[in-house]
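Novice: Encoded as structure tokens, here's the structure I'll be asking about.
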Amino acid sequence: MVQVAGHSIQLLANQFDSPANTVDGLFNPMPNETNQYLPNGAKIYIQNNTGSWTFDPYIWNTNGGSNYWTLAGTNAAGNATLSPGQGFWLSNSSPSNILVTFAGLVRQGTLNNPISTTNAWAYSSMLPQAGGLQTSLGYSPKLGDQVYIWDATNYYPAYSYTTNRGGGGPAWTTNEPSLQVGQAFLLLPAATNLWTRSFSLCQ
């Protein structure tokens, strides 16, 4: 569960396989015991392929008991994909906090999340784990990678993986970026990469 404060925006990730990993499957309603819906006017921004930092805004509408999504002013089907490994924005335009709940199965086996240099992209761990991006979440950075983690106070603290001037090989310029469960990040990769994890319930 992730809390999105009133009048705020967060970069989130669905890290479970739900019956439908789509905006409708995850938010119409959310998979919790109270069947909670997003407040009217909430927006989900899903990245598209037209360039870095470009997102399609899906707007949630509640009108006389009728719930539906709109995109670019027209009704949207709600079948846009939100899968493990993918990041998206959720904008809460209401004054009240939203408790976002994701539920489903944890993926098992060898999990591959391809990293492309075509655009800067919103990524997340494919497993619901917290910790250091490299040491806990298994991402192997390339020299020159730039990681941006959204912070409502500091906006985009940047983490660069670069040559260690003091010797000892490459390292993160400040601290290693760290993520919470359900949190995504923006990555400007220096080279094509494959973020691979292996997991089974026997571990």
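The values are calculated or read from the model by the stated rules, or taken from the named source; none is laboratory data. If you're wondering where the values come from, they're calculated on a predicted model, not measured in any experiment. Here the Cβ is made from the backbone with ideal geometry for all residues, glycine too, and neighbour counts use every protein chain on show.
Novice: Restricting to the stretch 22-55, and then to whatever is surrounded by fewer than 18 Cβ atoms within 10 Å (Cβ to Cβ) and β-branched (Val, Ile, Thr), can you tell me which residue is farthest from the chain's Cα centre (by Cα)?
Specialist: Once the filter is applied, the top-ranked residue is Thr34.
Novice: Something else about it: I'm trying to understand the selection: among the residues of the stretch 21-67, which are over 17 Å from Trp121 (Cβ atoms), of a type outside the set (Lys, Arg), assigned to a strand (DSSP E or B) and at pLDDT 85 or above? Lay out the reasoning, then the answer.
Specialist: Step one: list which residues in the stretch 21-67 are over 17 Å from Trp121 (Cβ atoms), which gives 21-43, 57-67.
Next, from what is left, pick out any that are of a type outside the set (Lys, Arg): 21-42, 57-67.
Within this subset, residues satisfying the condition of being assigned to a strand (DSSP E or B) are 22, 57-63, 66-67.
Residues satisfying the conditions are Thr22, Pro57, Tyr58, Ile59, Trp60, Asn61, Thr62, Asn67.
Novice: Follow-up. (1) in a loop (DSSP other than H, G, I, E, B); (2) modelled with pLDDT under 95: which one isn't true of Pro84, the others all being true?
Specialist: Result: Pro84 passes all but (2).
Novice: Does Trp172 count as closer than 22 Å to Phe88 by Cβ and in contact with a Phe, Trp or Tyr (Cβ under 9 Å, 6 or more places away or on another chain)? Before you say what the answer is, go through the steps one by one.
Specialist: Numbers: closer than 22 Å to Phe88 by Cβ: no; in contact with a Phe, Trp or Tyr (Cβ under 9 Å, 6 or more places away or on another chain): yes.
Criteria not met by Trp172.
Novice: Sort out for me the strands (runs of 3 or more DSSP E) sitting completely within the stretch 137-203 that have 1 or more residues that are hydroxyl-bearing (Ser, Thr, Tyr).
Specialist: Numbers: elements: 146-148, 158-162, 185-188, 193-199.
Filter on the stretch 137-203 gives 146-148, 158-162, 193-199.
Novice: Moving on to the next point. Against the conditions (1) in contact (Cβ under 8 Å) with a residue 60 or more places away in the chain; (2) exposed (fewer than 11 other Cβ atoms within 10 Å of the Cβ); (3) assigned to a strand (DSSP E or B), where does Asn75 fall short? Just the number, please.
Specialist: Every listed condition holds for Asn75 apart from (1).
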